[in-house]
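Notes follow the structure.
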Amino acid sequence: MPANVKANDGYSIRIRRGTINCLGVEILRLAEESYTEILIVTDEKVSGLYLPKVIMNFQECPKPDGMKLRVCELIIDSHEGAKNFQTVAKLLDDMAGLGLSDKCIVAAIGGGVVCETAGFAAGCYMGGVRLVLVPTTLAGMIEASAWQSAFLNLSAGKNLAGMSCRPSLVICDTEFLSTLSPQEYKSGIAEALKTALMSGGELFRIFERGDVRNNIERIIECCIKYRAGLSPEMRTKCLGYALGNAIESLSGYTVQHGLALAQGIGITARASAKMKWCSEETSSKILNALSKNNLPSECRKFTAREISQSLLNGRKISGSGFELVILSEIGRCEVKVIGANELEEIILSGMTAGNVI
């Protein structure tokens, strides 16, 4: 069923199938000028599938009397390795080359990389212009919708540069999900499961049953509501997040983010039980949920030492050590502070045999 969710900052997140067919109407409601500029930022795949339909929709949709509309498009690389300052700089130069004003509306149509890169550029261009996010992947719908920030990768690691970036509107059209590859879809399921484990309740029970496909709109809605309610400091303190980012970075971004995340969750679950941070029952519930939804629970590509070194190069170090998010029970997160000299051993304790997919 269609749903509207209000984020903490008051903007709308609309979840409904088929919104792509009325995208022009939805976005032009934000227009405040008689002359309106729309910049569509997307990637090669999404462009081939949807861009002609989107442009035609802008051309044919009803417009206020006297409105003059200019629609431009820019194609960027959607690979995680391209989510960096070089891509943003090129995007900003191209926006200036198109002669866009500070009144333009940037519509990012694509996965998480497109949404974050375009969001970062929108936040920079001429001091900030309006932004509409139209995530086309399940991971993007869950991740991009409720965050009022955009992150870029640095050579030292993933998501180390960030800025505040509040969209004016987010549109989640589940029709996009039919064009995802099996790996992209599975990556999104991992993102949703992470949120389900943290929130517990009805959302987690869907994953316990393995009944995801029949409840996808409900899952998106529940994930967005939960994440929108997190405090700013907790938004990057998510189960498996740091370990997943480390595995993804070590792979040169060849491992899908969600699949790296699932491995991080599995490692954390096993280590937590061995460290007595959670019960064996809680650890088993986490691992069984991963298995039930055909997600990996361990990492065989990299050693505990490689993962710990990658983490120590990242941003999760506090004055007293590394901050690891664990589940003490389903629906209850805690942050454990681990000394740098203990990190490798704890990761190693979570890398024992498990379900590898």
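Taken over segment 159-210, the criterion of being over 24 Å from G229 (Cβ atoms) and outside any helix (DSSP H, G or I) is satisfied by L160, A161, L180, S181, G210.
Check whether at least one residue in segment 37-46 is part of a helix (DSSP H, G or I), in contact with a Ser or Thr (Cβ under 8 Å, 6 or more places away or on another chain) and of a type outside the set (A, V, I, L, M), and report yes or no. Even if it seems obvious, please write down each step before you answer.
To start, the set of residues in segment 37-46 that are part of a helix (DSSP H, G or I) comprises 44-46.
Keeping just the survivors that are in contact with a Ser or Thr (Cβ under 8 Å, 6 or more places away or on another chain) gives 44-46.
From what is left, the residues that are of a type outside the set (A, V, I, L, M) are 44-45.
The answer is yes, given that some residue of segment 37-46 is part of a helix (DSSP H, G or I), in contact with a Ser or Thr (Cβ under 8 Å, 6 or more places away or on another chain) and of a type outside the set (A, V, I, L, M).
Residues are listed down the side, and each one gets a yes or a no for (1) at negative phi; (2) crowded, with 22+ Cβ neighbours inside 10 Å; (3) more than 17 Å from the chain's Cα centre (by Cα); (4) at pLDDT below 90:
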| site | (1), (2), (3), (4) |
| --- | --- |
| N84 | yes, no, no, no |
| D94 | yes, no, yes, no |
| G97 | yes, no, yes, no |
| I105 | yes, yes, yes, no |
| A108 | yes, yes, no, no |
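Scanning segment 231-243 for residues that are at pLDDT 75 or above and assigned to a loop (DSSP other than H, G, I, E, B) returns C238, L239, G240. If you check T254 against the conditions, is it outside any helix (DSSP H, G or I) and β-branched (V, I, T)? Criteria met by T254.
For segment 110-133: of the residues being more than 15 Å from L30 (Cβ to Cβ) and β-branched (V, I, T), which is surrounded by the fewest Cβ atoms within 10 Å (Cβ to Cβ)? Selected residue: V113.
Within segment 83-102, can one find any residue that is aliphatic (A, V, I, L, M), over 22 Å from V170 (Cβ atoms), in contact with a strand residue (DSSP E or B) (Cβ under 7 Å, 6 or more places away or on another chain) and in contact (Cβ under 8 Å) with a residue 12 or more places away in the chain? Step through it out loud before you land on a result.
Let us first name the residues in segment 83-102 that are aliphatic (A, V, I, L, M), namely 88-89, 91-92, 95-96, 98, 100.
If we keep only those that are over 22 Å from V170 (Cβ atoms) too, we end up with 89, 92, 96, 98.
In the following step, the residues that additionally are in contact with a strand residue (DSSP E or B) (Cβ under 7 Å, 6 or more places away or on another chain) were identified as 98.
If we keep only those that are in contact (Cβ under 8 Å) with a residue 12 or more places away in the chain too, we end up with 98.
Among the residues of segment 83-102, at least one is aliphatic (A, V, I, L, M), over 22 Å from V170 (Cβ atoms), in contact with a strand residue (DSSP E or B) (Cβ under 7 Å, 6 or more places away or on another chain) and in contact (Cβ under 8 Å) with a residue 12 or more places away in the chain, which makes the answer yes.
Put simply, of I206, I267 the only residue that is in contact with a helix residue (DSSP H, G or I) (Cβ under 9 Å, 6 or more places away or on another chain), under 30 Å from Y11 (Cβ atoms) and not polar (S, T, N, Q) is I206. With respect to D43, is the statement that it is modelled with pLDDT of 95 or more, out of contact with any helix residue (DSSP H, G or I) (no Cβ under 7 Å at 6 or more places or on another chain), within 30 Å of L160 (Cβ to Cβ) and surrounded by 17 or more Cβ atoms within 10 Å (Cβ to Cβ) true? No: the conditions fail for D43. Checked against (1) free of Cβ contacts under 8 Å to residues at least 24 places away in the same chain; (2) in contact with a strand residue (DSSP E or B) (Cβ under 8 Å, 6 or more places away or on another chain), D173 passes all but a single condition, namely (1).
Residue selection: R300 satisfies the criterion of being in contact (Cβ under 8 Å) with a residue 40 or more places away in the chain, of a type outside the set (V, I, T) and not in a helix (DSSP H, G or I). Being buried (at least 24 other Cβ atoms within 10 Å of the Cβ) and either under 30 Å from L154 (Cβ atoms) or modelled with pLDDT of 90 or more (or both) is a property that A262 has.
Only residues that are out of contact with any Asp or Glu (no Cβ under 8 Å at 6 or more places or on another chain) and closer than 10 Å to P296 by Cα were counted in segment 253-285, giving 4.
The values are calculated or read from the model by the stated rules, or taken from the named source; none is laboratory data. Note that the structure is a prediction, hence the values are computed from the model and not measured. So basically every Cβ, Gly included, is an ideal-geometry build from the backbone, and we count neighbours across all protein chains shown.
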